[in-house]
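Read through the structure below, which is laid out as structure tokens, and then see the notes.
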Amino acid sequence: MAKPRLACRECHFVNDPDKQTCENCGSSSLTEDWAGYVVITHPEDSEIATEMNVTEPGGYALKVR
């Protein structure tokens with residue numbers, strides 16, 4: 001069984017399960033407790049990216065606990 005991916009509590013970026021820090025912002029506050037997934041390819045043109053304060057393309061969790 002595969003390990004669950006880890007979402008950053010700071011920026012909501014979804015990281016590989018073996019990461020110790022967020023690939024996007026460098027935070028060490030990662031969790032398996034998240035829900036929803038959105039892929040943002042062009043944050044400069046995305047209303048969701050603006051709402052989530054996302055500036056880098058990638059996969060993000062919608063809800064992080």
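The values are calculated or read from the model by the stated rules, or taken from the named source; none is laboratory data. From a predicted model like this one, the values you see are computed outputs, not experimental measurements. Neighbour counts run over all protein chains shown; Cβ positions are idealised from the backbone, glycine included. Keep in mind that these areas ignore ligands, DNA and RNA; they rest on the heavy atoms of the full protein, side chains included. Shrake-Rupley method; radii C 1.70, N 1.55, O 1.52, S 1.80 Å.
Values computed for the structure shown
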| quantity | calculated |
| --- | --- |
| Extension gain (nm, one decimal) between Thr55 and Tyr37, 0.36 nm per residue minus Cα-Cα | 4.8 nm |
| Point-charge dipole on Cβ atoms (K/R +1, D/E -1) for the chain, about Cα centre, debye to 20 | 340 debye |
| Average accessible area per residue (Å²) across the chain - probe 1.4 Å, nucleic acids and ligands excluded | 68 Å² |
| Column: log10 I(q)/I(0), Debye, Cα scatterers of the chain, q = 0.16 Å⁻¹ | -0.46 |
| Charge context of Ser28, other residues only, Cβ under 15 angstrom, K/R +1, D/E -1 | -3 |
| Carbon + sulfur, % of accessible area of the chain - ligands and nucleic acids excluded, 1.4 Å | 47 percent |
